[in-house]
Amino acid sequence: MSKRLQVILSQDVIKLGKAWDVVDVAPGYARNFLIPNKLASRSTPGLLKQVERRKEEERKRQLELKQQAEAIKAKLEKAGGFNIPKQVGENEAIFGTVTDRELAEAIQNATGQELDRRGITLPDISKLGTYKAKIKLHSEVMAEVDVNVISA
């Protein structure tokens, strides 16, 4: 078994790791590919301390983002339901569908909170009524809001 070399990645490398990860690789892979292409640098005690400091800063940043997401979740749940007006046909069937963009606009108008529409998951809505929508605010925080589809 050959000796492994410890390097610190300076960029994300597919199937190896993300930036600032400390990984063990074959010496030839590090010497001939990673280091010349500035994808990694050799591990030193100073760089290892720098990596630890960056990871701690990233952990604090993620914790702060999670707290902000929790505050947004509380704000959305406090607001109650969000009304989306739609044109109605026979048997309370709506024309078209309710989109994530429409819900994002309704939330912004009601609370002043701008959300990424890609994090909104809506059920199939074809009639007037109240539906539950899920909104991903953070990797660990999901909010559930009521969507009231009303006649325009």
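The values are calculated or read from the model by the stated rules, or taken from the named source; none is laboratory data. These numbers come from a predicted model, not from an experiment. Reconstructed Cβ throughout: ideal geometry from the backbone, glycine too, with neighbour counts over all protein chains shown.
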request  = Could you please give the count of residues in region 10-26 that are under 24 Å from residue 58 (Cβ atoms) and either among the hydroxyl-bearing types (Ser, Thr, Tyr) or not in a strand (DSSP E or B) (or both)?
outcome  = 10
request  = Specify which of the listed residues (74, 19) is aliphatic (A, V, I, L, M) and either modelled with pLDDT of 95 or more or out of contact with any strand residue (DSSP E or B) (no Cβ under 8 Å at 6 or more places or on another chain) (or both).
outcome  = 74
ask   = How about region 75-98: which of its residues are among the hydrophobic types (A, V, I, L, M, F, W, C) and surrounded by fewer than 11 Cβ atoms within 10 Å (Cβ to Cβ)?
value = 95
key: Candidate set: region 128-139, residues that are assigned to a strand (DSSP E or B) and surrounded by 13 or more Cβ atoms within 10 Å (Cβ to Cβ); chosen: the one nearest to the chain's Cα centre (by Cα)   = 138
key: Every residue from region 32-45 that is in contact (Cβ under 8 Å) with a residue 12 or more places away in the chain and surrounded by 14 or more Cβ atoms within 10 Å (Cβ to Cβ)   = 34, 35, 39, 40, 41, 43
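Condition check ((1) outside any strand (DSSP E or B); (2) more than 30 Å from residue 144 (Cβ to Cβ); (3) not hydrophobic (A, V, I, L, M, F, W, C)) across all residues:
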residue: 8; (1), (2), (3): no, yes, no
residue: 28; (1), (2), (3): yes, yes, yes
residue: 33; (1), (2), (3): yes, yes, no
residue: 36; (1), (2), (3): yes, yes, yes
residue: 47; (1), (2), (3): yes, yes, no
residue: 59; (1), (2), (3): yes, no, yes
residue: 78; (1), (2), (3): yes, no, yes
ask   = Restricting region 100-127 to residues that are touching a Lys or Arg at 6+ places or on another chain (Cβ under 8 Å) and in a strand (DSSP E or B), which is surrounded by the most Cβ atoms within 10 Å (Cβ to Cβ)?
value = 120
